[in-house]
1. List pairs: first in region 40-66 and farther than 14 Å from residue 21 by Cβ and among the hydrophobic types (A, V, I, L, M, F, W, C), second at pLDDT below 90 and surrounded by 13 or more Cβ atoms within 10 Å (Cβ to Cβ), Cβ under 6 Å, 6+ apart or cross-chain?
2. Just checking, how many residues over region 30-61 are farther than 17 Å from residue 13 by Cα, open to solvent by less than 100 Å² (accessible area, probe 1.4 Å) and in a loop (DSSP other than H, G, I, E, B)?
3. Of all residues being outside any strand (DSSP E or B) and touching a helix residue (DSSP H, G or I) at 6+ places or on another chain (Cβ under 9 Å) in region 5-16, which is most open to solvent (accessible area, probe 1.4 Å)? Just the residue, please.
Amino acid sequence: MKEGRLSSALVQRFQLKESVGKVLWHSLDENGYIGEYDMQFGDVILEGILPEDVEPTKEMQHEHQVQKRD
């Protein structure tokens, strides 16, 4: 996902002017599931947003290289 619409509850909680934001980063587990997003809404960056709080508005398929932690 390249852009997403944040749930109205979080838009109100963080008093955002924009509900659609740009995905800056997302976690990815070994099964390909996203656990959280970091997103930018105007000049505000929110970290650790859960997938259930975001509705995709612009999707983009991409791949990740396997990364193992030391």
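The values are calculated or read from the model by the stated rules, or taken from the named source; none is laboratory data. Everything numeric in this text was worked out from a predicted model, so none of it was measured. No Cβ is skipped: glycine too gets one built from the backbone with ideal geometry, and neighbour counts run over all protein chains shown. Accessible surface is based on the protein model in full, side chains and every heavy atom, while ligands, DNA and RNA are left aside. Shrake-Rupley method; radii C 1.70, N 1.55, O 1.52, S 1.80 Å.
1. Pairs that qualify, where the first residue is farther than 14 Å from residue 21 by Cβ and among the hydrophobic types (A, V, I, L, M, F, W, C) and the partner is at pLDDT below 90 and surrounded by 13 or more Cβ atoms within 10 Å (Cβ to Cβ): there are none.
2. Selection size over region 30-61: 4.
3. Checked region 5-16; the qualifying residue most open to solvent (accessible area, probe 1.4 Å) is 9.
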